[in-house]
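Trainee: Dumping the structure here so I can ask a few things about it.
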Amino acid sequence: MNKNSPIKKCLFPAAGYGTRFLPATKATPKEMLPVLTKPLIQYGVEEAIAAGMDTMAIVTGRGKRAIEDHFDISYELENQIKGTSKEHYLTEIRAVITKCTFSYTRQIEMKGLGHAILCGETLIGDQPFAVVLADDLCDAPDNKGVLAQMVELYKKYHCSIVAIEEVPKDETYKYGVIDGNEIEPGIFMVKNMVEKPEPEVAPSNLAIIGRYILTPDIFDIIRETKPGKGGEVQITDALLTQAKKGMVLAFKFSGQRFDCGSIDGFVQATNYFYDKETKKETEKAAKKPTGAK
C-alpha cells in the first residue's frame with residue numbers, strides 16, 4: 001500500500017434490513033428512503049464525490065436492486081420528460097452518474113458491519129478507502145463535508161480514522177464508543193473502543209458515527225476478528241486491534257449528523273433540510289432583480 005495514495009474509493013455497506021422502518025422497508029431499501037427529493041444513499045455518494053472520490057463500492061443484499069437502478073440511466077423515464085419542465089429534476093442524479101463508477105457485491109449473511117466491510121474487499125483492493133453508512137446523514141458548514149475533513153486529516157497522519165461526536169452518556173449503548181488521548185483539538189489517538197457499552201461502563205461519551213477512513217490492512221484484521229456483541233463481527237473490535245498494532249485516530253468533525261436509521265432522526269433531518277432549502281430559495285428570490293421573472 002502506498003500511504004500517499006489519494007483516497008478514490010468509498011464503500012457503502014447497504015445490506016441491512018431497516019427493520020425500524022417496517023413496513024416501509026419491506027420492499028424498499030432503507031438507503032432509498034428519501035429526505036426531501038433525494039434518497040439517503042445519494043447524499044452519501046455526493047459527500048464522497050465532494051471529498052475527491054470517484055469509485056463507489058456498494059455492498060448490497062437481497063431486495064436491494066433499487067439502489068443499482070437509481071445509479072443507472074432510466075431511458076424510458078428520461079425519454080418521457082425530455083424537453084419538458086420536469087427534466088431538471090434529474091440534473092443532480094445525472095451529474096452523480098457521470099462523475100462516478102459504481103460496483104456492487106452482496107453480503108450473503110448479515111454478520112455485522114465488520115463482515116460487511118470485508119465483503120467489499122474485492123471492490124476496494126490494496127488501497128486506503130472511505131466507508132459511509134448512509135443512514136447517518138451529515139451536513140457540514142462551508143460545504144466541506146465530513147469525508148472531506150477526514151481526507152485532509154488522512155493526508156497528515158496516513159492511518160485509519162473514525163468520525164466521532166459527543167452523545168448523552170445514557171445513549172452510549174447505541175454506539176461504538178472510544179477512549180483516547182487528545183493529540184490536537186478534536187483529534188484523539190484511540191487507546192480503547194467498546195461496542196455499545198452500557199452507560200455505567202462506557203469509557204467516554206465519544207461515539208463513532210457512520211464515517212470511516214480505513215487502511216487496507218483492516219481486511220486481514222477483520223478476517224482474524226472473532227464475533228463479538230450480538231454474535232456479529234464488529235468493526236470496532238478490528239479497529240481496536242489495529243490501534244494496538246499501530247495508530248487509529250478519532251476525529252470530532254464539524255457539522256451536524258442525523259440518525260436516519262431512527263424515525264426521530266429521519267424526521268429531524270427532513271425538517272432541517274427543508275428549512276435549509278427554503279432559506280436558500282428565499283435568498284435566491286431576494287437577489288433577483290426587481291421585475292425579473
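Trainee: Under the Karplus relation 6.51 cos²θ - 1.76 cosθ + 1.60, θ = phi - 60°, what is the ordered set of whole-Hz ³J(HN,Hα) values for segment 243-251, x standing for Gly and Pro?
Mentor: Listing the rounded values in order: 5, 6, 7, x, 8, 10, 10, 10, 10 Hz.
Trainee: Pop a pseudo-label 7 angstrom from the Cα along the beta-carbon direction at both GLU224 and ASP170 and give the gap in nm to one decimal.
Mentor: With each label placed 7 Å out from Cα toward Cβ, I get 4.1 nm.
Trainee: With only Lys, Arg, Asp and Glu charged, each at its Cβ (+1 for the first two, -1 for the last two), find how big the charge dipole of segment 9-280 is about the Cα centre; round to the nearest 20 debye.
Mentor: That gives segment 9-280 a dipole magnitude of about 300 debye.
Trainee: Each residue of segment 138-154 in turn: what ³J(HN,Hα) in whole Hz from Karplus with 6.51, -1.76, 1.60 and θ = phi - 60°, glycine and Pro shown as x?
Mentor: Couplings: 10, 9, 10, x, 6, 6, 9, x, 4, 4, 4, 4, 6, 4, 4, 5, 4 Hz.
Trainee: Tell me the Kirkwood radius of segment 1-77: reciprocal of the mean inverse pair distance over distinct alpha-carbon atoms, in Å.
Mentor: 13.8
Trainee: Assuming R0 = 25 Å, what is the FRET efficiency of SER85 and TYR274, from their Cβ-Cβ distance, to the nearest 0.05?
Mentor: 0.70
Trainee: Taking amide H atoms as placed 1.01 Å from N in the peptide plane, list the residues 5 or more away in sequence, or in a different chain, whose amide H sits under 5 Å from that of GLN256.
Mentor: Long-range HN contacts for GLN256: ASP139, ALA140.
Trainee: Quick query: amide H of ILE58 versus all other amide H atoms, modeled in the peptide plane; which residues come in under 5 Å with a sequence gap of 5 or more or a different chain?
Mentor: Counting only residues 5 or more places away or on other chains, the set is PHE12, SER103, TYR104, THR105.
Trainee: Would you calculate the separation in nanometres between label points at THR122 and GLU152, each defined as 7 Å from the Cα along the Cα-to-beta-carbon direction?
Mentor: So the label points at THR122 and GLU152 sit 3.8 nm apart.
Trainee: When all C-alpha to C-alpha distances in segment 1-130 are sorted into bins of 5 Å, what percent of pairs does each bin hold, rounded to whole numbers?
Mentor: Final binned percentages: 2, 10, 18, 20, 20, 14, 9, 4, 2, 0.
Trainee: Quick one: work out Rg over Rh on the C-alpha atoms of segment 101-178, Rh as Kirkwood radius.
Mentor: 0.98
Trainee: List the residues whose amide H sits under 5 Å from the amide H of VAL248, counting only those 5 or more places along or on another chain, with H placed 1.01 Å from N in the peptide plane.
Mentor: Those qualifying (amide H under 5 Å, at least 5 residues apart or on another chain) are VAL190.
Trainee: Return the distance in nm (one decimal) between the two label points of a simple spin-label model at ASN192 and ARG20, each offset 7 Å from Cα along Cα→Cβ.
Mentor: Computed distance between label sites ASN192 and ARG20 equals 2.6 nm.
Trainee: Using the C-alpha atoms of segment 189-258, what convex hull volume per residue, in cubic angstrom, is computed?
Mentor: Hull volume over Cα atoms, normalised by residue count, gives 114 Å³.
Trainee: Taking the Cα centre of segment 9-280 as the origin and placing charges on Cβ (Lys, Arg +1; Asp, Glu -1), which of GLY261, VAL96, VAL35 is farthest toward the positive end of the dipole?
Mentor: After comparing all options, I get VAL96.
Trainee: For segment 96-235, what class follows from the C-alpha gyration tensor (a ≥ b ≥ c being the square roots of its eigenvalues): rounded when a/c is under 1.5, otherwise prolate if a/b is larger than b/c, else oblate?
Mentor: Taking the square roots of the gyration eigenvalues as a ≥ b ≥ c, segment 96-235 is oblate.
Trainee: Sort out for me the Cα centre separation of segment 195-232 from segment 250-286, rounded to whole Å.
Mentor: Centre-to-centre (Cα) distance: 27 Å.
Trainee: Pick out, from VAL131, ALA116, SER74, the residue whose Cα sits farthest towards the positive end of the charge dipole of segment 1-140, with +1 on the Cβ of Lys and Arg and -1 on the Cβ of Asp and Glu.
Mentor: Projecting each Cα onto the dipole axis, the largest value belongs to ALA116.
Here, each number is a calculation from the coordinates, and none is a lab measurement. Predicted model only: the values in this text are computed from it and were never measured. Positions of Cβ are backbone-derived with ideal geometry, glycine not excepted, and every protein chain shown enters the neighbour counts.
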